[in-house]
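Undergrad: Below is the structure I would like to discuss, written out as structure tokens.
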Amino acid sequence: MEVDPHQDREAQAAKVSGPPAESDPPADTLATSLCLLGNHMFPDPVATNACTSINSSEPASLQPSDVSAEDPGPDARPPPDLGAESVTQDSDCQSDAPAHPAGRGTEDAGGAQSDSGEFVVTMLAKAKLEEQGIGVKGRSSPLLEAGIPEPPSFTSHRDEDVTADSWRRHRKHVFVLSEAGKPIYSRYGSEEALSSTMGVMMALVSFVQSGDNIIRSVYSEEHTVVFLQKGPLVLVCVSNSRQSEQQLRGELLYVYYQIVSMLTQASISRIFEHKKNYDLRRLLAGSEKILDGLLNLVDSDPSFLLAAVHCLPLASSLRDSLSQILQKAITPNLVFSILIAKNQLLTIVQEKTVIEDARLAPADVHLLLNLIGASSAFQAGEIWTPICLPLFNPDCYFYAYISYLDPPECTVCLLLLSTDKEAFYAVAECKRKIEEAMVAQNSLSLIAKAQSYSVSQVGVSDLRHFMYKPFDVPDNHRQLTQFTSPEMEAPYSSEEEKMRLLDLYRYMHSRIHSTSRPLKLIYHVAERETLLAWVTSKFELYTCFSPLVTKTCAITAITKLLRWIKKEEDRLFIRYPPKYSTTPNPSKSSKSSRSDQQDATDNGFLSLL
Amino acid sequence: MPDVSKMKKPDVKLVLLGDMNVGKTSLLHRYMERKFKDTISTVGGAFFLKQWGPYHISIWDTAGREQFHGLGSMYCRGAAAVILTYDVTNWQSLAELEERFLSLTDTANHDCIYALVGNKADLTDPKAHLCQDSGVLPEDRRTECEEERTEPQVLSTCPTPPASPASLSGLLLHKQVAREDAVALYGRILRYKGLDEKSSLPADKMCFETSAKTGYNVDALFETLFDLVLPSILRKRHEDQASPTVDLEDCREGSGKRVRASCC
């Protein structure tokens, strides 16, 4: 176990661990590729035209040279979250820089990494300018345009002027495009207005690809650009949030999975095999809100960072009785029954053979929770919709029955997943049974009383907040990965402060999970608080203390905290997810699947679908 | 699928189909809740139960998005009435009905009735602004935009803000779909279904122009349909009692019983 007592030591260590010379070549390669790209993509006349035409309409401020000059301006504030460590952070980034094989870095080694990064940002901005001249006219097809008229309520942030400074200053941009360079999604600004920006991104990807390589990231002083290729889709994140590349890539993966959850991986590949330049927005139209919601959640909910599910604390007796209600209301082909309150998990019951073969991944639960949370469309009527759980099986649909149990408040939501497309009426009948039983046991009013807890209940002074994620231990290996965390209270009550604390946690997380130099224990004295992160074989823990705590105090506090969690674990976690058996097919007995668990994992289940 | 006995077993099924953003959810919401609100894109299909006298009518409000196309025939299975909805300010939304949605109704009842509904009439028609459920169809503004209708390109000039308050101030949008177009489509639907125009419900009765925003014609639409599907309910109950009586309409269709079995 390694203890870093002071950030200076940490800084030093990070610098030592990052061999500076080796991280340069890829950057140079990139810079060069960008130059080449410039020539390929924007034959001089076009590029000049684009710039000049814009210059005339909106002077000075839009010149590409200004773009890079401007960037440090508004963004130059020292990263507020990292206290004294902003410098360390930078050198860290370098040490984690893309691990391209160094062989390609033969070009002149003059350009510093940050220059090339800034150049990318400039290039992207330039492409955006060109947009204004060409992109608007070059709409794909008027027919298509007519097919998807977007009402204003959906499009507020999509109307954003993508040439404006405010657009450029967003903390985190996310773009999704097809391999043909067609825009599919942009978090801010309309995809049409960004089509040539995305063209440049695709050009970067394919240029590096042509050298039998894969582009992973570009670093500049202010921004980190992370690329993720998944099948025919390319996802790009441009962030100035100072998160690690790994974390950003993880977030892009969530975006990809959310898209898969709506369309399935198989149909995405099939579509693009069939027609390379298909406009996937045709299929995703109306789902932008779900992706927007996901990205907001990723920024504000640590579940995604920890890849664990946060369940609502509930007396174990109540949770058990709810589980039993779900357990009794079954119908053939029902595989998951999930009860959600206030966008947190109450309980989850799984089909026996399913839980034996594969467990529900936290990410799949996150996607489901986001789907329900992001859309008020579920608040009326009973919904029946196909949904794919990408980590469970990326190629098949489940059919989800979604209904709130307490209209019009709509806080308690029932989610029933079936493999049978036609089972709506049978599944709806399960809901009536569940509803009746819950009325009989007065469950709804008991659930309404349930709430998250305050850190003061732990009874450890100086402890302000924590996140505790126990790891699987062998005997409950098939369980859902969960974590527990109290409400964020003062001084973390405002949105800004919450975000600041989360950023600190993200930073600690990135150090713990650093690929080049993972740490087990970090004691981090920040400007306004002291944090301690600790990972063992049994748990991962992040704690936040008041700034004046001593190291000894913090260690004692953590011992007390762990003891408290142990005492409360029945309430804080779903301990033994119950099961039921609804599979009508006797050939798929649990015995046969146990004998060859390894290869039966998905195939066995596919036969059910 | 097991036939489950329900407390409120729906007697008849009605399905709303149509391209996205034509206002299917808003229409239903206007009818059920008596108000208009901003809705957000429907996911999958939403199931509602409506009490109509002694009968339970189940209504499926479906998503118009292509993403959910695959489930369309499931929602339509055994339907007694299908409301095909388009947006009067959007020619493409009418064309989509024929291209994308008509085939979904193959699983509906053989004696299913079809209504064609042009929503957002308040955007093009001053009458629809004010008259609440007058039931009188606007006659005056039909012809003037006829010449535009085959040119989808003009759509880009039309901002179509369905919930925009601007329309109340008398700012009228271009009407792209005339009633005649809907009537013509209704005829084609009957032909597609192999129904005889003379013995089917007349287009005049089954083509509506509505406004979910002002409530114009909305009650008339739903109540006309409910009244029309009542025979279907009665016949169904009749059949359930295993009556030997021969139904003339069933005979005409020939394959009448095929879609009946699976749904409620």
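Every number in this text was worked out from the coordinates using simple rules, so none of it is lab data. Quantities reported herein were computed from a predicted structural model and do not represent experimental measurements. Here the Cβ positions follow ideal geometry from the backbone for every residue, glycine too, while neighbour counts run over all protein chains shown.
Undergrad: Going by C-beta contacts inside 10 Å, put A:Ile387, A:Ile268 in order with the fewest on the left.
TA: Taking fewest neighbouring Cβ atoms as first place, the list is A:Ile387, A:Ile268.
Undergrad: Please work out how much length the chain gains when fully extended from A:Lys289 to A:Arg270, using 0.36 nm per residue of separation minus the C-alpha to C-alpha distance, in nm with one decimal.
TA: On the way: separation 19, 0.36 × 19 = 6.84 nm, distance 2.48 nm.
Full-extension gain reported as 4.4 nm.
Undergrad: Okay, next question. Counting other beta carbons within 10 Å of each residue's own, what order do A:Asp406, A:Asp165 fall into, fewest first?
TA: Working: A:Asp406 16, A:Asp165 13.
Ranking A:Asp406, A:Asp165 by Cβ neighbours within 10 Å, fewest first, gives A:Asp165, A:Asp406.
Undergrad: Let me ask another. Separation of the stretch B:7-81 and the stretch A:208-266 by C-alpha centroid, Å?
TA: Comparing the Cα centres of the stretch B:7-81 and the stretch A:208-266, I get a distance of 38 Å.
Undergrad: From the cross-link list A:Lys433/B:Lys37; B:Lys127/B:Lys198; B:Lys127/B:Lys205; A:Lys433/A:Lys567, which pairs have alpha carbons spaced over 24 Å apart? Walk me through the intermediate numbers first.
TA: Numbers: A:Lys433/B:Lys37 32 Å; B:Lys127/B:Lys198 31 Å; B:Lys127/B:Lys205 19 Å; A:Lys433/A:Lys567 34 Å.
Cα-Cα > 24 Å for A:Lys433/B:Lys37; B:Lys127/B:Lys198; A:Lys433/A:Lys567; rest within.
Undergrad: Which semi-axes, in whole Å and largest first, does the equivalent ellipsoid of the stretch A:455-572 have when worked out from the alpha carbon gyration tensor as the square roots of 5 times its eigenvalues?
TA: On the way: eigenvalues 97, 64, 42 Å².
Calculated on Cα positions only, the semi-axes equal 22, 18, 14 Å.
Undergrad: Rounded to whole Hz and in sequence order, give me ³J(HN,Hα) for the stretch A:295-305 from the Karplus expression 6.51 cos²θ - 1.76 cosθ + 1.60, θ = phi - 60°, writing x for Gly and Pro.
TA: Per-residue couplings from phi come out as 5, 5, 5, 4, 6, 10, 10, x, 3, 5, 4 Hz.
Undergrad: Then there's this: Would you tally the net charge around A:Leu252, using a Cβ to Cβ cut-off of less than 14 Å, leaving A:Leu252 out, and scoring K and R as +1, D and E as -1?
TA: Net local charge, A:Leu252 excluded: +2.
Undergrad: Taking each residue in B:62-71, count the Cβ atoms of any other chain within 10 Å of its Cβ, then average. What number comes out?
TA: Details: counts 1, 4, 3, 8, 7, 11, 5, 1, 4, 7.
Across B:62-71, the average partner-chain Cβ count within 10 Å equals 5.
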